[in-house]
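Student: Pasting in a structure now, in structure tokens, and then I'll have a few things to ask.
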Amino acid sequence: MGNRMTFVTEEEGINVFLKSKEVNFELAVQNPVYRTASIPKNTFLALHEKLYIMMKGKIGTFNLYQFTGQLTEELHEQLENLGTHGTMELNHLVSNFSSAILWHVEHNLSRGDFGRQMSQDKAEEGLRRPHSCSGAFWQWNLLYPVTMNMLFKKGLFPRNEGKIREFYQHFQAYDEGFEYGSQMPECLLRNWSKSKKWLLALFEKNIPDIKTYKSAKDNSMTLMQTMLDIVEMERKEEKSPNYGLLLLWASLSNAVPVAFWTLAFVLSHPSIHKTIMEGVSSVFGTAGKDKMKVSEDDLKKLPLIKWCILEAIRLRAPGIITRKVLKPVKILNYTVPSGDLLMLSPFWLHRNPEYFPEPELFKPERWKKANLEKHAFLDWFMAFGSGKYQCPGRWFALLEIQICIILILYKYDCSLLDPLPKQSFLHLVGVQQPEGQCRIEFKQRK
Ligand code: HEM
């Protein structure tokens, strides 16, 4: 306890955060990593750089497009379960949706509300309710199974209804409480701790299968398999489940709400929605061709979708990123002592009109200026962090969300039944969650 935090808000402070050799990423996140995934300091510091370099290579720009085919197939597979038409919470559509069976939730229970308005016990009670195929408020699966099948092992996401519910409930509870768990002793967070242990046990049980898994298509190893190799090489295999948990959280906790916000922004801006639909039709033809393929070239012909994703991320960016001060640093007239945490808010930075004119407006066209072909974002865009340890999953996340949006819009006419929800200000860590309901109506395109 008792961290001192200094928030940098002016250019000089931001430059220190981004460039000074006296501020350090690893030591800033080590303690939260220990609390949330029980990875001790020495293990974390011994493995971090190796794992980071591996991830950057494996899911970075060089290898990225090898995922396009499999991502498209996985998304098609999941979307098949959606049926021809319906209404549901948009959040449930993008987060997780699978074999037509998940539990339904009440009208006002969106993901953001989940942890806050219901205790875990109450949630469990909700989960025991009988299922019904009618009614709009089902929990669906899309990015959860797709991400897990791609990055861990095909089939890791449970198929059985009860198991899906159990998994979903524990992941939600873990994600909701992550920020508290990263700061407080676990014994004070009984339900969160229960879910953390459940997820660790899930990995413990599945690690032998993940290790021996062979892709039916090629010999490539999944990200988790390569991670396990490194963890074993360093003789830290007893911590393998802990790394599984960390990767699970990192790969889902931001990408899912970003998919939500992108669709919500697009559907609530009719002219942008119309332009996107014209683009999708011109690239993929009229709707109805099931299981169309998506290529790298196709994606290049649809830049507006990528701009919309980036603009959604800009507007709902993580509340903070953090670095530890190793030696005193001078910012303006202040000396920030060693041991302090330097905090930078991408969310706040993205609202500076000098960097982003009309910052509160959803203006995907501002991304025209970014050299995305060369993998450069706009200056001052910091949603993926910055510097040596910038998010290694950023290009994978963008690709996954791009294909997800294309397939949903290609297959279905979609409209929102509620206004764009407000963002919840409950969390500083990670992208912002929606507050309140936002229902989507979808109908198969003919
Ligand atoms: C839109 C979605 C995403 C956002 C906004 C996001 C954002 C971030 C941010 C802000 C950081 C901290 C960087 C820093 O402090 O400089 C980070 C780290 C990380 N992200 Fe992401 N992320 C996203 C998706 C993903 C995905 C899909 C993966 C995995 C496939 C991933 C894996 C990671 C990992 C492993 C780290 C820790 C890096 C390290 O320890 O050095 N992220 N992410």
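The values are calculated or read from the model by the stated rules, or taken from the named source; none is laboratory data. It should be emphasised that the depicted structure is a prediction, and the values quoted were computed from it without experimental measurement. Cβ atoms come from the backbone with ideal geometry, glycine included; neighbour counts cover every protein chain shown. Heavy atoms of the whole protein, side chains included, go into the accessibility calculation; ligands, DNA and RNA do not. Shrake-Rupley method; radii C 1.70, N 1.55, O 1.52, S 1.80 Å.
Student: From the P(r) of the stretch 5-444, can you give the percent of Cα pairs sitting at distances over 36 Å?
Tutor: 24
Student: What's the tally of Lys pairs in the stretch 370-446 whose alpha-carbon atoms lie under 29 angstrom apart, where the two lysines are 8 or more places apart or on different chains?
Tutor: Details: LYS374/LYS388; LYS411/LYS422; LYS411/LYS443; LYS411/LYS446; LYS422/LYS443.
Here the count comes out as 5.
Student: When the helix-only estimate is applied to the chain (DSSP H runs of n ≥ 4, each -39,500 (n - 2.57), divided by the residue count), what is the mean residue ellipticity at 222 nm, nearest 500 deg cm²/dmol?
Tutor: -15000 deg cm²/dmol
Student: Mind checking the per residue accessible area of the chain for me, 1.4 Å probe, whole number of Å²?
Tutor: Values: 19870 Å² over 446 residues.
Accessible area per residue: 45 Å².
Student: Hey, another quick one. Output ³J(HN,Hα) for the stretch 407-423: one whole-Hz value per residue in order, computed from phi by the Karplus curve 6.51 cos²θ - 1.76 cosθ + 1.60 with θ = phi - 60°, and x for Gly and Pro.
Tutor: 5, 4, 6, 5, 7, 10, 7, 10, 8, 8, 9, 10, x, 3, x, 6, 8
Student: Here's something else I'd like to know. I need the phi-derived Karplus couplings for the stretch 227-240: 6.51 cos²θ - 1.76 cosθ + 1.60, θ = phi - 60°, integer Hz, Gly and Pro marked x.
Tutor: Calculated HN-Hα couplings, in order: 4, 4, 4, 5, 4, 5, 4, 8, 6, 10, 4, 5, 9, 4 Hz.
Student: Also, I was wondering about something else. Looking at the square roots a ≥ b ≥ c of the eigenvalues of the Cα gyration tensor of the stretch 169-326, which shape do they give, rounded for a/c under 1.5, prolate if a/b is larger than b/c, or oblate?
Tutor: oblate
Student: With +1 on each Lys and Arg Cβ and -1 on each Asp and Glu Cβ, and nothing else charged, work out how big the dipole of the chain is about its Cα centre, in Debye to the nearest 20.
Tutor: Once rounded to the nearest 20, the dipole reads 520 debye.
Student: Given a 1.4 Å probe and every protein chain left where it sits, what share in percent of the accessible area of the chain is carbon and sulfur?
Tutor: Summing carbon and sulfur atoms, their accessible area is 54 percent of the total for the chain.
Student: Using modelled amide H (1.01 Å from N, peptide plane; none on Pro or chain starts), what sits under 5 Å from the amide H of TYR412, excluding residues fewer than 5 places away?
Tutor: Under 5 Å from the amide H of TYR412 lie the amide H atoms of ARG445, each far enough along the sequence or on another chain.
Student: Using modelled backbone amide H atoms (1.01 Å from N, in-plane), which distant-in-sequence or interchain residues come within less than 5 Å of PHE7's amide H?
Tutor: Here MET343 satisfy the definition.
Student: Please enumerate, by chain and number, the aspartates and glutamates with C-alpha under 17 Å from the C-alpha of LYS56, excluding those fewer than 8 residues away in the same chain.
Tutor: Answer for LYS56, where 17 Å is the Cα cut-off: GLU26, ASP229, GLU400, listed by chain and number.
Student: Quick one: grab the alpha carbon gyration tensor of the stretch 298-424, order the square roots of its eigenvalues as a ≥ b ≥ c, and give me rounded if a/c is under 1.5, else prolate or oblate depending on whether a/b is larger than b/c.
Tutor: The shape class here is prolate.
Student: In whole Hz, with x marking every Gly and Pro, tabulate ³J(HN,Hα) for the stretch 168-182 from phi via Karplus 6.51 cos²θ - 1.76 cosθ + 1.60, θ = phi - 60°.
Tutor: Here the 3J(HN,Hα) series is 4, 4, 6, 5, 4, 5, 5, 5, 4, x, 4, 5, 5, x, 6 Hz.
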